[in-house]
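Single-structure report; data block below.
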């Protein structure tokens with residue numbers, strides 16, 4: 001892990017601290033300051049010897065994010081954050097307040113290389129993967145800014161999480177570990193556009209997170225027109241991977257389905273989607289697509305959305321229409337980041 005101390009597990013941290021000639025218990029103190037008390041610098045870690053704090057500050061810079069912009073929705077108090085990483089790359093995070101608790105949606109990459117046609121995140125391409133500490137720090141920074149505990153984390157912001165697999169997994173283990181925020185694995189959702197081998201690998205990790213598949217079409221032809229990743233793996237291969245995940249974890253898959261007017265929102269589309277969801281007992285989350293300036297896709301109207309939902313329910317599919325949060329504040333994934341980049345240019 002090099003000197004990225006916030007990405008280290010407690011055991012790795014213990015070895016590192018002992019390598020500095022300190023007692024092993026200092027690792028638990030340091031870990032607690034970083035991951036439970038969310039300290040932003042070593043000076044606040046008052047139960048660590050001053051000489052150790054100085055040395056840590058010189059040799060182990062703490063990952064920090066700089067808040068570049070924050071928007072708050074007048075409709076539902078959703079807040080959208082634009083953070084700058086240490087190298088100047090930008091990422092977005094979204095804080096949403098629900099009756100059941102506070103949820104934060106974080107980014108896993110700066111940019112994205114998946115090329116989904118209706119998504120603003122991918123328009124400027126991929127810059128780099130985020131470190132575990134940079135994913136954690138989005139959760140920590142939002143917690144510090146809002147002053148409220150976060151109970152649910154969704155890895156569904158900019159980037160394809162499974163394209164940054166090793167860093168994602170380490171982030172998940174740190175986020176759910178005792179001594180840190182200790183968020184329940186069952187309260188974490190990871191999204192993927194369908195990287196089949198990584199989905200199968202995730203099924204083997206022994207975790208209890210929810211996997212959300214960005215499906216968006218129920219035929220290979222339509223899916224390929226919306227998502228370049230569909231050229232690599234067919235729907236049959238994708239459904240086999242979903243079945244494997246369900247079998248290994250007991251966690252049912254969520255199908256994310258962005259309704260695009262005139263493209264994938266017909267009754268026939270709903271029937272085909274039901275046929276895919278039924279064998280997996282999958283939950284379907286319908287998303288009114290967020291129009292973006294660079295594409296000419298339009299969202300399905302309310303009538304078409306309700307008709308689509310009823311068709312799925314007729315087939316005994318568990319379905320919800322995603323509540324639109326932050327629609328008045330560049331709510332769609334990647335929009336705030338893209339606007340900031342455009343203004344800089």
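Just so you know, all these numbers are worked out from the coordinates, no wet-lab data involved. Please read all numbers here as calculations on a predicted model, not as lab measurements. Here Cβ is always computed from backbone atoms with ideal geometry, including for glycine, and neighbour counts include all displayed protein chains.
Among 220, 41, 87, which one shows the biggest mean-square fluctuation in a GNM of the chain, springs joining Cα atoms closer than 10 Å?
87
Using a Förster distance of 35 Å, how high is the FRET efficiency between residue 46 and residue 252, based on the Cβ-Cβ distance and rounded to 0.05?
In this case the efficiency is close to 0.15.
At what distance in nm do the modelled label points of residue 310 and residue 323 sit from each other, each positioned 7 Å from its Cα along Cα→Cβ?
Calculated label separation equals 2.4 nm.
Is it possible to state the helix-based mean residue ellipticity at 222 nm for the chain, with each DSSP H run of 4+ residues giving -39500 (n - 2.57), the sum divided by total residues, to the nearest 500 deg cm²/dmol? What is it?
Rounded to the nearest 500, it is -10500 deg cm²/dmol.
Semi-axes of the equivalent ellipsoid for the range 5-59, please: Cα gyration tensor eigenvalues, times 5, square-rooted, ordered largest first, whole Å.
The three semi-axes for the range 5-59 are 15, 14, 10 Å.
Under 10 Å, Cα contacts only: if you run a Gaussian network model on the chain, which one of 240, 299, 11 comes out with the highest mean-square fluctuation?
11
Along the three principal axes, how long is the chain when you take its alpha carbons, biggest first, rounded to the nearest angstrom?
In descending order, the Cα extents are 68, 45, 37 Å.
Between 130, 276, 90, which gets the highest mean-square fluctuation from a Gaussian network model of the chain, Cα cutoff 10 Å?
276
So how tilted is helix 132-146 from the main axis of the chain? Cα-based, degrees 0 to 90, rounded to 10.
Approximately 90 degrees, to the nearest ten.
Using r as the Cβ-Cβ distance of residue 208 and residue 69, and R0 as 30 Å, what FRET efficiency do you calculate, to the nearest 0.05?
My answer for the efficiency is 0.30.
What translational diffusion coefficient, to the nearest whole µm²/s, does the range 60-113 have by Stokes-Einstein, given a Kirkwood radius computed over alpha-carbon pairs, a temperature of 20 °C and 1.002 mPa s viscosity?
172
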